[in-house]
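Trainee: Shown below is the structure under consideration.
FYI, it's all coordinate maths here, none of it is from the lab. Note that the structure is a prediction, hence the values are computed from the model and not measured. Please note: Cβ atoms are built from the backbone with ideal geometry, for glycine as well, and neighbour counts cover all protein chains shown.
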Amino acid sequence: GGRQPSRHPLTRAGDTGAGGTGPAAPARAPDRRGASTPFPGGMSDDGLMSDPNAAPGLRERKRLATRRAIQVAVLDLIVEHGLDAVTVDMVSRRADVSPRTFFNYFPSKEEAVVGDPPALPDGRDLERFVAQRDEPVLSSLIQLLTHAVESATVDRELVVLRRRVLRAHPDLLARRIASTRVFEERLTTVVAQRMAADEGVADDAVDASLLSRAHLVSLVSIATLRHAWAEWIDDDDVDHLSDMRYSLRARMEASFVELGRLVTREVR
């Protein structure tokens, strides 16, 4: 028969969910020449929410620069020599780090290729989303998902290079897709919290019907994100950094506007 309603206690807004991870610490993602582009903040080293507009400290900038250097090195080397021929020692030499430092950041060369999946913010941002009452869920999700996507993909050069390698290695692409399933589960839990609060349903009284609707909202939102990401990454004819009309955030907002028109039948 059909799905039977079941009780499903929800996690709190600050929990990470099954296998989830918190957002990256506030930082700027350096380019190959050491320049940097800002992305929204997250949890600071002391566990407190940071100011998303605050500049990161020197230690955090070095950490992110090292992490990026390792990823660029492994991707470049795979393009040059092929996946099987690339070793951790080769990657470490190219990134100018020790193998020990490499393993402090990634457990294997494959994980360095796959990279970091998007992650929802914790703390006040998440609590604000759950408590929001004056706009629809999809509208509230834009702000929340902007952080998740920009923190994972703001470095467009790295994204383009990673996509090239993943397209040539379906097994690694499958790993990347699998890593986003954790994000999907986490998003579903958070949306269910919001919908339960909207409907006055206690956390321990959420049934399968509400969870199913929350999952639908999550899947639609993720599909919209993918549309925005594809529009952003495939457009090579504009200056993505200086012209905010073509930024990832702008693409996301445009995609969600189009989604809103579709669901309200405004498309002619």
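Trainee: Could you tell me how many cubic angstrom of Cα convex hull volume the range 73-121 has per residue?
Mentor: 82
Trainee: If you look at just the Cα atoms of the range 132-214, how large are its Rg and its Dmax in Å?
Mentor: Answer for the range 132-214, Rg first and Dmax second: 16.7, 49 Å.
Trainee: On to the next question. Counting Lys +1, Arg +1, Asp -1, Glu -1, what net charge surrounds PHE103 among other residues with beta carbon under 14 Å of its beta carbon?
Mentor: Net charge in that neighbourhood comes out at 0.
Trainee: Report Rg(Cα)/(2.2 N^0.38 Å) for the range 65-171, keeping two decimals.
Mentor: 1.35
Trainee: Can you put VAL97, VAL114, VAL79 in order of Cβ neighbours within 10 angstrom, beginning with the fewest?
Mentor: VAL79, VAL97, VAL114
Trainee: Hey, another quick one. Taking 0.36 nm per residue of separation and subtracting the Cα-Cα distance, what length does fully extending SER98 through ALA174 add? Numbers along the way, then the final one.
Mentor: Values: separation 76, 0.36 × 76 = 27.36 nm, distance 2.87 nm.
Additional length available on full extension: 24.5 nm.
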